[in-house]
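FYI, it's all coordinate maths here, none of it is from the lab. Owing to the predicted nature of the structure, the values given are computational and were not obtained by experimental measurement. Ideal geometry is used to build each Cβ from the backbone, glycine not excepted, and the neighbour counts take in all protein chains shown.
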Amino acid sequence: MLSAKEVAYEVTKALDEKKGQDIKLLKIDKVSSLADYFLICTGTSNTHVKTLCDYAEFTLDRLGEPMLGREGHRGNAWELLDYGSVVVHVFTEEAREFYSLERLWADAEQVDLREIVTEE
């Protein structure tokens with residue numbers, strides 16, 4: 001069983017491998033009981049959003065991490081993967097701007113991903 005941090009890092013790497021953009025990891029455990037981490041990522045199209053989510057799910061499934069739920073909104077403009085301690089949000093650019101989760105969770109600690117995510 002992976003720790004919440006390990007799950008967050010593994011799914012971050014998976015999204016990065018599939019060219020997810022502007023990946024942000026927020027540590028929300030001190031400001032919410034919903035989860036320990038929110039991972040936010042942008043896909044270039046609705047198809048890319050689905051591909052990113054499919055690959056994240058495949059990666060964590062391979063590592064034995066059970067998903068609690070997966071929801072899609074507005075024709076894949078936003079997909080959510082719930083792993084309990086880690087919730088993954090993948091948006092199209094428009095949906096990400098509209099929902100503005102980083103602003104809503106401004107009190108959360110932003111995790112430095114430079115060691116994990118390859119620079120563009």
Only one of these conditions is not met by Thr42: (1) within 17 Å of Val117 (Cβ to Cβ); (2) polar (S, T, N, Q); (3) not in a strand (DSSP E or B). Which number is it? (3)
Quick check: anything in the stretch 107-117 loosely packed, with under 15 Cβ neighbours inside 10 Å, farther than 21 Å from Ser3 by Cβ and touching an Asp or Glu at 6+ places or on another chain (Cβ under 7 Å)? no
Per the filter on the stretch 14-47, residues surrounded by 19 or more Cβ atoms within 10 Å (Cβ to Cβ), touching a strand residue (DSSP E or B) at 6+ places or on another chain (Cβ under 8 Å) and free of Cβ contacts under 8 Å to residues at least 60 places away in the same chain are Ala35, Asp36, Leu39, Cys41, Thr42, Gly43
Selection from the stretch 60-79 of residues that are under 13 Å from the mean Cα position of the chain (by Cα) and assigned to a helix (DSSP H, G or I): Leu60
Counting only residues in the stretch 4-13 that are surrounded by fewer than 20 Cβ atoms within 10 Å (Cβ to Cβ) and touching a residue at least 60 places away in the same chain (Cβ under 8 Å), the one farthest from Leu52 (Cα to Cα) is identified as Ala4
Looking at this structure, is Lys50 under 16 Å from Arg103 (Cα atoms), out of contact with any Gly (no Cβ under 7 Å at 6 or more places or on another chain), surrounded by 15 or more Cβ atoms within 10 Å (Cβ to Cβ) and among the charged types (D, E, K, R)? no
